[in-house]
Amino acid sequence: MLGKQRAKEEGAEPKKELDKMQDEEDNEGWEKSVLARAIIEILGAPKDYVETTLNVIADTIKKNEDLRVEKEEFFEPKKQEKLFSAFMELDIRFRSIEGLFGFCIDFMPSSVDILEPEKIDYDSAELTRNVNDLMAKLHKIDSALKQVNVENELLQHNAMLLLRNNVIITLGEKKMNLKELSSRTGVPEEQLKNFLELWIKEGMLKSQDELYFV
């Protein structure tokens, strides 16, 4: 009996050592890890789309090798007028504070609460590097947004020119009232009226007795 007990204890020792080595290997490079609780919220429709999108975001986050999702909780979407709002709460361990910064830029959580450690030591060189990296990402996002705004303004300008030409060609056939023009162009009366008034001021159209003509 004693022999079996001793053999069992001797067999347990190597296993403990292996488990310890495995833990050390798993935690290698995580000495400066940061545990944070993040809330990510999305707004959209329909309800199924919102739920699916939230799950896709969670799966994308988990693919990052520089973080570990230790806890996750999804909340039922709530209707807000014609849209649905849903959010998830994640406890994420980041390999470093830099990883947390990058996560905030990439996924724009609505709130972040750092759980561990209580204090974070930073030397000036490391902080400078992280701030510069953060600013570089922000400038990249700002540049992309400006490009989108320029393209959007160009599209709006071209769309208005197309509408103006369509109206001029249509009125070349005969005089029309607002309702007729709206029916021919497919633009709601209230919106079309604003454009017509603008083009009248610019001298491109004329109006008399609620009829428009060129």
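The values are calculated or read from the model by the stated rules, or taken from the named source; none is laboratory data. From a predicted model like this one, the values you see are computed outputs, not experimental measurements. For neighbour counting, all protein chains shown are included, and Cβ atoms are generated from backbone atoms with ideal geometry for every residue, glycine included.
Here are a few things to note about the model shown:
- Output for the range 85-127, where each listed residue is farther than 22 Å from residue 59 by Cα and not in a strand (DSSP E or B): 117, 118, 119, 120, 121, 122, 123, 124, 125, 126, 127
- Any pair with Cβ under 6 angstrom, 6 or more apart, that starts in the range 110-138 at a residue that is free of Cβ contacts under 8 Å to residues at least 60 places away in the same chain and ends at one that is surrounded by 10 or more Cβ atoms within 10 Å (Cβ to Cβ): 130/98; 134/101; 137/105
- Criterion: within 25 Å of residue 44 (Cα to Cα) and not assigned by TED's automatic domain parsing to the domain that holds residue 42 - qualifying residue of 152, 130: 152
- Residues that are more than 30 Å from residue 30 (Cα to Cα), assigned to a strand (DSSP E or B) and hydrophobic (A, V, I, L, M, F, W, C), drawn from the range 43-84: 43, 83, 84
- Among (1) closer than 30 Å to residue 198 by Cα; (2) modelled with pLDDT of 90 or more, the one test that residue 115 misses: (1)
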